[in-house]
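The values are calculated or read from the model by the stated rules, or taken from the named source; none is laboratory data. Computed from a predicted model, the values in this text were never measured in an experiment. A quick note on method: Cβ atoms are made from the backbone with ideal geometry, for glycine too, and the neighbour counts reach across all protein chains shown.
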Amino acid sequence: MVLDPGHGGGDVGVEGMAGAMEKTITLRLALAIQKELKEHCTLIMTRERDNNPNMVQRAESANRSGADLFISLHTGSASSQSPGSIRIFHLPPDPAGADAAATPLWDHGALPYNRQSALLAQSLAEALTSREIPRKTSVQQADMFMLKPLTMPAILIEAGNLTSPQDALWLMDSGNQQALAKAIARGVRNHIDSFIQTP
């Protein structure tokens, strides 16, 4: 499985109060998820430090790895300072009768995996709906450029609204990061287990 902590280096992503930065939160969350899943599956990180591989580098390293799943981690932003929900995005289904030859090459990777991506998103949403995560969780379809070339089921998670002071403090708390990591890891395990064929 590939974990993709969004942003990094000079690209801090969304900035919130008290020094909260998207690039820091996503990396801490990815490292926590890595610990939770280390005995369940092999994990590959698109970054493990404060650097910022571009989209092509992230996609190429993921595809070369031969991984079975891809999860990109982000935080949201909004004009409102109200707390936000956790949003899980996957690509919409390929339109019926679409001409693959007419679509950009970048878009081809994800086409066979759209249904599995939707199932992965749903598994994560169910795992994040728990008492330890006091945020609403929703699954949404979106035309995410980053997800299109990936040759595996792929989703993108936005964990709250970092421009909300309440969410910024919540996301910077190590205990809350650990709770999020545990829930995401549980969703991944449930998804993987659902595809294991029993004799």
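Given the criterion of a type in the set (D, E, K, R), farther than 20 Å from residue 118 by Cβ and at pLDDT 95 or above, identify the matching residue among 39, 48.
Values: 39 fails: at pLDDT 95 or above.
Selected residue: 48, the only one of 39, 48 that is of a type in the set (D, E, K, R), farther than 20 Å from residue 118 by Cβ and at pLDDT 95 or above.
Would you be able to tell me the number of residues in region 108-118 that are closer than 16 Å to residue 69 by Cβ and surrounded by 14 or more Cβ atoms within 10 Å (Cβ to Cβ)?
Quick first cut of region 108-118, residues closer than 16 Å to residue 69 by Cβ only: 109-110, 112-118.
Then keep just the ones that are surrounded by 14 or more Cβ atoms within 10 Å (Cβ to Cβ); that gives 109-110, 113-114, 116-118.
Residues in region 108-118 being closer than 16 Å to residue 69 by Cβ and surrounded by 14 or more Cβ atoms within 10 Å (Cβ to Cβ): 7 in total.
Taking the numbered list (1) in a loop (DSSP other than H, G, I, E, B); (2) touching a Lys or Arg at 6+ places or on another chain (Cβ under 9 Å) in turn, residue 27 passes all entries but (1).
Of the residues 69, 124, 111, 120, only one is among the aliphatic types (A, V, I, L, M) and at pLDDT below 95; which? So that I can check it myself, show each step before the final result.
On the way: 69 fails: at pLDDT below 95; 124 fails: at pLDDT below 95; 120 fails: at pLDDT below 95.
The match here is 111.
When residue 150 is tested against (1) surrounded by 13 or more Cβ atoms within 10 Å (Cβ to Cβ); (2) over 22 Å from residue 24 (Cα atoms); (3) out of contact with any strand residue (DSSP E or B) (no Cβ under 8 Å at 6 or more places or on another chain), exactly one condition is not met: (3). Hey, does region 22-29 have a residue that's surrounded by fewer than 17 Cβ atoms within 10 Å (Cβ to Cβ) and more than 16 Å from residue 176 (Cα to Cα)? Checking region 22-29: not a single residue is surrounded by fewer than 17 Cβ atoms within 10 Å (Cβ to Cβ) and more than 16 Å from residue 176 (Cα to Cα).
Every residue in region 60-83 that is outside any helix (DSSP H, G or I), small (Gly, Ala, Ser) and more than 16 Å from the chain's Cα centre (by Cα), please.
Start the filter on region 60-83 by keeping residues that are outside any helix (DSSP H, G or I), which leaves 66-83.
Filter again for small (Gly, Ala, Ser), leaving 66-67, 72, 76-80, 82.
If the condition is that a residue be outside any helix (DSSP H, G or I), small (Gly, Ala, Ser) and more than 16 Å from the chain's Cα centre (by Cα), then 66, 78, 79, 80, 82 are the ones that fit.
Summed over region 84-108, residues that are part of a loop (DSSP other than H, G, I, E, B) and either of a type in the set (Ser, Thr, Tyr) or modelled with pLDDT of 90 or more (or both) total 5. Scanning region 155-199 for residues that are outside any helix (DSSP H, G or I), of a type in the set (Val, Ile, Thr) and under 24 Å from residue 142 (Cβ atoms), we see that the one that is modelled with the lowest pLDDT is 163.
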